[in-house]
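Comments concern the structure below.
The values are calculated or read from the model by the stated rules, or taken from the named source; none is laboratory data. What you see is a predicted model; the values in this text were computed from it and never measured. A quick note on method: Cβ atoms are made from the backbone with ideal geometry, for glycine too, and the neighbour counts reach across all protein chains shown. Note: accessible area is taken over every heavy atom of the protein model, side chains too, but ligands, DNA and RNA are not part of it. Shrake-Rupley method; radii C 1.70, N 1.55, O 1.52, S 1.80 Å.
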Amino acid sequence: MCGIVAYIGDQDAYPIIIDGLKRLEYRGYDSAGIALLDGSLNCYKKKGKVSELEKFVNGSNKEGSLAIGHTRWATHGKPDDINAHPHLSGDGRLALVHNGIIENYAPLKKALVDLGHEFKSETDTEVLVHLIEEIQNKGDISLEDAVQLALQKVVGAYAIVVFDTNDPNTLVGARKSSPLVLGIGDGEHFIGSDATPIIKFTNQVVYLKDEEVVTIKRGEGYTIRNLDNELMESEVHQIDLKLEELEKGGYEHFMMKEIHQQPTTICESMRGRINVENEWVQLGGMMDHIEEISNANKIIIVACGTSWHSGLIGEYLIEDLARIPVEVEYASEFRYRNPIIGKGDVVIALSQSGETADTLAALELAKEKGALIYGIVNVVGSSIARLTDCGSYIHAGPEIGVASTKAFTGQVTVLTIMALHLAKLKGTITKEYFKQLLVGLDAIPAKVQKVLESDGQLKYIASEIKNAANALYLGRGYNFPVALEGALKLKEISYIHAEGYPAAEMKHGPIALIDIYMPVIIIATNLSAREKILSNIQEVKARKGMVIAIITEGDDEIKEISDYSIEIPSTEEPLTPLLSVIPLQLLSYHIAVMRGCNVDQPRNLAKSVTVE
Ligand code: G6P
C-alpha cells in the first residue's frame, strides 16, 4: 500500500504534492512526508494524516519545484515520524519514497552496516536509499544507473521515486509489483501511485511496467529503461477521469456518495451489455475466447476481501445458470497451495483496484500453468487489467471510501451478465427464464434507488444497535455471501465484531452467542428458502435475540415476528444480492458515523493492498 506522488517542473511543488497525497490517502494514512528541493533539501515527516503533515510544515520553507511525497501504511516499523517516508541517504544527498516490501532487506542492511552505514529508521525502505548511495559512492555513477544496479539486488515489491540534491534537474522512478504512473504535462512531469494526483494537471499518462525505470530531466523529457539499461518503448494513454469524480459531491463521506451512486454505477456496468427488447446479452470481454470459456473444465475465481464475496455470488450464478463448475478461492491461499489447474481451466480475478498483490500473484501462477486468465476490474489500466488475457471493466468510477460498496454491486452485475451470456450460449436455462432474468436485471437500478429510500429507517435502527459489541449476519443461498459482506462492512468501519453465516449453520455454533444484546441481521428475501428462514428467525427469537430482517416488500409474516424490518422490492432470486446488500451498507455507515469512526479511512485498513 502507501501512496506516492512526485513533481518536477516550473510550478511550486508543495501544493501539488499535498493535494496529491490527500487523493492517495486511501492507500494508507498512518504517517506522511514530503521532501522538497530548493537549492537545498527540506524533508518533513509526521505521524498521522496528511493534514497533520500540513500543520507541521506550516511556517517552514516550502519552496521548490521538485518534490516527492508519501502517505504510509506501515509494514516494517511502527507508524511514527522517523519511520515515515521520505528516507534519506546517510550523507543526506538522496531522498526516496517507496511503496512495497523489500524482502531481502535484512541481509542487505547487514552488508551496508558492515560498510559503515548507519540507519535511523526500522524500515526496509531506508536500506534501499543507502544501497543506492553506496553504489553511487563507488564511482561516478548517475542516479539512474545507481537505481538500476541497486534494484538488481533487491527481492520484493517496489514503486520508488528518488532524487539527488547534487542533480536538481533529475527525478527517477521505478516499479516492480507495485503500481507507478507517469503523468506528462507541458514542460512538467508527475509521478503517482495512480492517476488521481495527476489528473488535475494532465490526462496523458504512461503506466510503468515491472522493472522499468523512468528518468525525467527537467526541460528535456523522460526516458524509460529496464534494469539492464535497455531503452523501453512507452505507450502514452489518455485517461478519461474527471476531477469531480474524485470529490465528495456534497456528501459528508465518500462512502455515502458511493452507496448513493449505485443506481447509476450498476447501469454503467450493464451499458452496452444487455438489451431487453432484443433479448440480447453479451459480455464483450469474453468474445475473443468464448469457446474456451463456455467449454471450461472449471472456472476458478480468485479475489480478496469484498471482491471475494462477490466471487461467491459469481459461483452461485455461474453454476446455477450456466452449469459450469466454479470454485472461489482467497487469492492468498490459492497462490501458495499448489492448486490443480491447467489448460482448459479459466481463472477469473475479481478486483476493484486491479492492484491487490495476492490476486496479481494468483493470476501469474494460473497463467504459468496454462489457464486462461480473465479480469473483472474497476480501475482502468491497472496491473490486473494489463496482465489478463481478456476481461471486463465494471465501470463504477473511482471508489475512494476504503469500504467497498459500488465496486461490489458492479462486480456482481458483471458476473450476472457473464452467467446469462454463458447460459444462453449453452442453452442451460429456458428462454422464458432467461427473459425474466434480463427484465429483472434491467429493473435493478430503479429498485436500488427505491431501497435507498429506507435510509431514514436504517438510521433509526443504527441508533438502536450502535452500542452492540457483536452482531450476526445470516443469509441462505444467494444471500449467504451478502451476509458475509454485511458483516465485513460493519467490522471494517464501526469496529463492532460481526460474523456472517449461512442461516442454517447458526445451529452449529453461533446460536450459543445469541442473547438480548446480540443483533441478528437476517436476509430473508429468498423465495425458495423462505420457510426455512422463517424457522431460523423463530430460533433467534426463542433465545431473545434482536432480529433485523431484510424482507421482500409485503412479506408481513416475517415483518411481524421481527423486531425491525427493511423491505426491498421483489426480484428474481439470483438478482436479490444487488438489492439486499444496500441496506447492509447503509446500516454499517450510520452505525460507524454514530460511533464517531472515520468511515472513509478506517483504522489499520487501506483501499489497495499492494503487499502480501
Ligand atoms: C482491501 C480493501 C477492500 C477490498 C480488498 C480487495 O482490503 O479495503 O475493500 O475488498 O482490499 O481489493 P480489490 O481492489 O482487489 O478488490
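How far apart, in nm, are the 7 Å Cα→Cβ label points at Arg530 and Arg323?
It is 2.8 nm.
Can you give me the % of accessible surface on the chain that is carbon or sulfur? Probe 1.4 Å, all protein chains present, nothing else counted.
With neighbouring chains kept in place, the figure for the chain is 48 percent.
In Å and whole numbers, how far do the C-alpha atoms of the chain stretch along each principal axis, longest first?
Computed over the Cα atoms, the extents are 79, 53, 43 Å.
Per-residue ellipticity at 222 nm for the chain, helices alone: DSSP H runs ≥ 4 residues times -39500 (n - 2.57), over residue total, nearest 500 deg cm²/dmol?
Calculated mean residue ellipticity at 222 nm is -10500 deg cm²/dmol.
Using 7 Å Cα-to-Cβ label points, what is the Asp240/Ala443 separation (nm, one decimal)?
3.1 nm
Mind putting a number on the dipole of the chain about its Cα centre? Charges go on the C-beta only, +1 for Lys and Arg and -1 for Asp and Glu, and I need it in Debye to the nearest 20.
Rounded to the nearest 20 debye, it is 1180 debye.
Using only the alpha carbon atoms of the range 199-292, find the Kirkwood hydrodynamic radius as the inverse mean reciprocal pair distance, in angstroms to one decimal.
18.1 Å
Tell me whether the range 4-57 comes out rounded, prolate or oblate; compute the Cα gyration tensor, take square roots of the eigenvalues as a ≥ b ≥ c, and use a/c under 1.5 as the rounded threshold.
The shape class here is oblate.
I'd like to compare 140-147, 175-182: which one has the highest average count of other Cβ atoms within 10 Å, and what's the full order after that?
Going from most to least packed, we get 175-182, 140-147.
What is the log10 of I(q)/I(0) for the range 467-521, computed with the Debye formula using one identical point scatterer on each Cα and no solvent, at q = 0.20, 0.22, 0.31, 0.32 Å⁻¹?
Taking Cα atoms of the range 467-521 as identical point scatterers yields -0.64, -0.76, -1.23, -1.26.
Could you list, in their original order, any pairs among Lys45/Lys78; Lys46/Lys109; Lys298/Lys367; Lys176/Lys298; Lys257/Lys491 whose Cα atoms are separated by more than 22 Å?
Cα-Cα > 22 Å for Lys46/Lys109; Lys176/Lys298; rest within.
Which value, in Å³ per residue, describes the convex hull spanned by the Cα atoms of the range 337-467?
Taking only Cα atoms, the range 337-467 has a hull volume of 170 Å³ per residue.
Please compute the net charge surrounding Val377, taking Lys and Arg as +1 and Asp and Glu as -1 over other residues with Cβ under 10 Å from its Cβ.
Neighbour charge sum, excluding Val377 itself: 0.
For Glu292, what charge total do you get from the other residues with a beta carbon under 13 Å from its beta carbon, if Lys and Arg give +1 and Asp and Glu give -1?
-2
In the chain, which helices (entire DSSP H runs) extend 27 Å or more along their own long axis, judged by Cα positions, while averaging at least -0.5 on the Kyte-Doolittle scale?
Both cut-offs are met by 406-426, 431-452.
Show Glu188, Glu277, Glu103 ordered by accessible area, largest first, where the area counts protein heavy atoms only and the probe is 1.4 Å.
I get Glu277, Glu103, Glu188, largest accessible area first.
Roll a 1.4 Å probe over the protein chains and send me the accessible area per residue for the chain in Å².
For the chain, the per-residue accessible area is 37 Å².
Need one number: the % of Cα-Cα pairs in the range 241-376 sitting beyond the 22 Å mark.
47 percent
Suppose R0 equals 60 Å; then what is the FRET efficiency for Ala542 and Glu291 from their Cβ-Cβ distance, rounded to the nearest 0.05?
Efficiency for this residue pair is about 0.65.
How many nm is it between the label spots at Lys431 and Glu612, if each spot is 7 Å from the Cα in line with the beta carbon?
Label-label distance for Lys431 and Glu612, simple model: 5.4 nm.
Tell me, in nm to one decimal, what length is gained between Ala512 and Ala106 on full extension, where the rule is 0.36 nm per residue of separation less the Cα-Cα distance?
The span from Ala512 to Ala106 would gain 141.5 nm if fully extended.
May I ask you to compute the full-extension gain from Asn169 to Asp186, defined as 0.36 nm times their residue separation minus their alpha-carbon distance, rounded to one decimal in nm?
4.5 nm
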